[in-house]
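Presented below is the structure to which this report refers.
The values are calculated or read from the model by the stated rules, or taken from the named source; none is laboratory data. Please read all numbers here as calculations on a predicted model, not as lab measurements. Note that each Cβ is placed from the backbone with ideal geometry, even for glycine, and that neighbours are counted across all protein chains shown.
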Amino acid sequence: MGSRAERVAVGVDLGGTNLTGLLVSDRGTVAGRELRATPAALGAEAVLGAVLDVASGLAGQARELGHEIAGVGLGIPGPVDADRGVCLFSPNLGWRDLDVISRFREVFNVPVRIDNDVRAATLGEAWLGAGHPYRTFVCLTVGTGIGSGLVLDGRLWRGPGYSAGELGHIPVVDGPDAPPCGCGRRGCLEAVASGTAIGREGRRAASRGEPTSLARLPAEDITARVVAEHARAGDATAARVLRRAAVYLGLGIATAVNLLNPEAVIVGGRVSRSWDLIQPEVTRVVSEKGFPPNLLFLRGVFPAELGEDAGAIGAASLVLGPGGGAVSR
Ligand SMILES: [Zn+2]
């Protein structure tokens, strides 16, 4: 923590489970941090109250340290109208058409910006993480679901309805056996390659009586993290479940490569903690399915670098101006 006065922003990443608030300087240093559980079960107002509380606490810290506060940025799961500052729909938080900006303006007299959480994480990686060297890249977060953010020619791409780049919902499996997706369709990438899908396939393999160490666990304990642990310990079934998800992830990434001609694809989210286990299949599929001219420009598929902080750092960059990364927001 520096003692010199700096220009800082409050960045908050609002997840369905956790709320991460950071005080980020325009040089990219973290000057303060606050973490707490998202009170999603208590309803929409309780969640908003917790966000305002975390942001106010960090702003208070900034003032005590003598910093200049450039503004407050917030990343929210679900589609966000970043221009009007309205959260269009966030099922996990119980928010629908919520005018977040107006509520913040009642508390803060500094600029406030909001955006989708994965786009915020993409901005974070663009500024201080794995996306930094590139003007065109795709950032995927693979966790409970699959989200993505697009930086095209140095610009964050949102789309007219603020839902461009829903790579988690590109179709990769057809037919009646295609697993259902949270979006209401079947066979989306998210339904076969997310952490949720990996856990489900692990439970299914164990219940079929396959010779796997997963079968020794109660079904509800078999999550993507547990499947990865068992794969790492040499369990062939767990390794196969993970490989299958990695193949689908590779197909999704190859689709993005062929469509957008990115210089890099960055993979974050909790599943990327098992990057060493999924990377070989992802790389193989991308190199086999990628359009050759596009592969010439692709520097690689890389793990994200900022971990859990990416979203809050990117949210802070929304209000830090040109100092907060080179991507135009
Ligand atoms: Zn879907």
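Annotations for the structure displayed:
- If only residues of region 16-63 that are hydroxyl-bearing (Ser, Thr, Tyr) and either part of a strand (DSSP E or B) or free of Cβ contacts under 8 Å to residues at least 12 places away in the same chain (or both) are counted, the one that is nearest to Arg96 (Cα to Cα) is Thr20.
- From the options Val173, Val138, residue that is of a type in the set (A, V, I, L, M), touching a residue at least 12 places away in the same chain (Cβ under 8 Å) and buried (at least 24 other Cβ atoms within 10 Å of the Cβ): Val138
- Some residue of region 238-261 being assigned to a loop (DSSP other than H, G, I, E, B) and buried (at least 18 other Cβ atoms within 10 Å of the Cβ): no
- Selection from region 9-42 of residues that are under 24 Å from Gly147 (Cα atoms) and small (Gly, Ala, Ser): Gly11, Gly15, Gly16, Gly21, Ala37, Ala40, Ala41
- Reported count of residues in region 17-33, each being under 23 Å from Asn109 (Cβ atoms), touching a Leu at 6+ places or on another chain (Cβ under 6 Å) and not small (Gly, Ala, Ser), is 2.
- Among the residues of region 138-161, just one is within 23 Å of Phe297 (Cβ to Cβ) and in contact with an Asp or Glu (Cβ under 6 Å, 6 or more places away or on another chain), namely Cys139.
- Number of positions in region 6-15 that are over 24 Å from Ala41 (Cα atoms) and not in a strand (DSSP E or B): 1
- If the condition is being charged (D, E, K, R), surrounded by 15 or more Cβ atoms within 10 Å (Cβ to Cβ) and more than 23 Å from His230 (Cβ to Cβ), then region 267-297 contributes only Lys289.
- Hits in region 119-144 - residues which are over 15 Å from Gly75 (Cβ atoms) and in a loop (DSSP other than H, G, I, E, B): Ala130, Gly131, His132, Pro133, Tyr134, Arg135, Thr136, Thr144
- Selection of region 165-192 for residues being among the small types (Gly, Ala, Ser), within 15 Å of the ligand (Cβ to nearest atom) and not in a helix (DSSP H, G or I) yields Gly165, Ala178, Gly182, Gly184, Gly187.
- Filtered residues of region 145-163 (kept if part of a strand (DSSP E or B) and within 16 Å of Cys183 (Cβ to Cβ)): Ile146, Gly147, Ser148
- Across region 144-163, the number of residues qualifying as hydrophobic (A, V, I, L, M, F, W, C) and within 15 Å of the ligand (Cβ to nearest atom) comes to 1.
- Flag if Gly290 is at pLDDT 95 or above and within 16 Å of the chain's Cα centre (by Cα): no
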